[in-house]
Amino acid sequence: MKTRIILAALWLILCSLARAQSVSMKGESLDKVQVLALVLGDVPSSRVATLVVERGITFQPKNSYLDLLKKVGADDGVITAVRVAQRPPDKPDADAAPSRDAPLDRDQILNLLLTGMDSDVLTELVSSRGIDFEPYDEYLHAYQVAGAKADVLGALRQAGQSKLGASTMTMTAHEATHPKSAAGTPPPKIVRMSGEMEATRLISQPPPDYPQVARNARVQGTVRLAAMIGTDGSVEELEVISGHALLIKSTMDAVSKWRYQPFQVNGAPAEVQTEIDVSYVLVH
């Protein structure tokens, strides 16, 4: 059994090394909540393991966390990937004691849940300190599985309202371009989803061409786009958030052809508002 796990780990590492390309989709290292959300989501175990090894993790996996992953269905491949995944050398462990007044991050909240902190105390802590992230639905689901009560989840939603203000304006503008049909059918629900989670739902991903002018100028880097994914999984809207001007057109042309698994909420089709990162790396 141990031999099989070691071989699985080596295979995962070799796969991640073999995927180094001129254009890559690698994102930032995953934290505890993101890994847990992937396991809980409709993502194949092999894909979760590959993402963990490719991107690395921001934390030192402890037994209590590994036990939680096993409890929610993580297989040996995922557990092994978490054990062997690399952590950024300059990234402090999320278990380190935070500043007393600093907003709570995703991992700190999960750590407090795993230690069994009283629900009322955690609710008050979230309300007084705030949070430094947007409480996407997949994160709230992960917290619920870890033991968060309704009052904690409510406090997280409330703490994230200020961060969601700009998104509410965007959604209102989008809804204005999607009026009710003549029959009175309301427009589809819009769900906000993190880029990491939506990337796992890709079913077709033609890579962008690396513009020759950008190669000649030795330009590389990441283009970040705001995207609206339609109910059929097609990319309906794209807006540039950041990126080098020489890389934007090729990125927009390619991403507009991407296709995702259609998303549903309670059986009803939903549009997904997300962000997409496309990275360009010169091969020396």
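So the values come out like this:
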{"item": "The range 39-54 - residue that is small (Gly, Ala, Ser) and part of a helix (DSSP H, G or I) and, of those, farthest from GLN261 (Cα to Cα)", "result": "ALA49"}
{"item": "Selected residue (only one of VAL82, VAL35 is surrounded by 24 or more Cβ atoms within 10 Å (Cβ to Cβ), of a type in the set (A, V, I, L, M, F, W, C) and either part of a helix (DSSP H, G or I) or in the same structural domain as LEU114 (by TED's automatic domain parsing) (or both))", "result": "VAL35"}
{"item": "Test for SER250: is it without any contact (Cβ under 8 Å) to a residue 24 or more places away in the chain and of a type outside the set (Asp, Glu)", "result": "no"}
{"item": "Output for the range 187-204, where each listed residue is among the polar types (S, T, N, Q) and either outside any loop (DSSP other than H, G, I, E, B) or exposed (fewer than 15 other Cβ atoms within 10 Å of the Cβ) (or both)", "result": "SER204"}
{"item": "Residue ID - farthest from ASP31 (Cα to Cα), chosen from residues in the range 118-157 that are of a type in the set (A, V, I, L, M, F, W, C) and touching a strand residue (DSSP E or B) at 6+ places or on another chain (Cβ under 8 Å)", "result": "LEU125"}
{"item": "Candidate set: the range 255-283, residues that are hydrophobic (A, V, I, L, M, F, W, C), more than 21 Å from GLU138 (Cβ to Cβ) and crowded, with 18+ Cβ neighbours inside 10 Å; chosen: the one farthest from the chain's Cα centre (by Cα)", "result": "VAL255"}
{"item": "Enumeration of residues in the range 241-282 that are assigned to a helix (DSSP H, G or I) and either among the hydrophobic types (A, V, I, L, M, F, W, C) or farther than 17 Å from PRO206 by Cα (or both)", "result": "ALA245, LEU246, LEU247, ILE248, MET252, ALA254, VAL255"}
{"item": "Test set (1) of a type outside the set (Val, Ile, Thr); (2) more than 12 Å from the chain's Cα centre (by Cα); (3) buried (at least 22 other Cβ atoms within 10 Å of the Cβ) - LEU51 fails condition number", "result": "(2)"}
{"item": "Given (1) in contact with a helix residue (DSSP H, G or I) (Cβ under 7 Å, 6 or more places away or on another chain); (2) assigned to a helix (DSSP H, G or I), index of the condition LEU238 fails", "result": "(2)"}
{"item": "In the range 144-154, the residues that are surrounded by fewer than 22 Cβ atoms within 10 Å (Cβ to Cβ) and assigned to a helix (DSSP H, G or I)", "result": "GLN144, VAL145, ALA150, ASP151, LEU153, GLY154"}
{"item": "Residue count, the range 55-77 (criterion: without any contact (Cβ under 8 Å) to a residue 40 or more places away in the chain, under 25 Å from GLN261 (Cα atoms) and over 14 Å from the mean Cα position of the chain (by Cα))", "result": "4"}
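The values are calculated or read from the model by the stated rules, or taken from the named source; none is laboratory data. What you see is a predicted model; the values in this text were computed from it and never measured. FYI the Cβ positions are ideal-geometry reconstructions off the backbone, even for glycines, and counts take in every protein chain you see.
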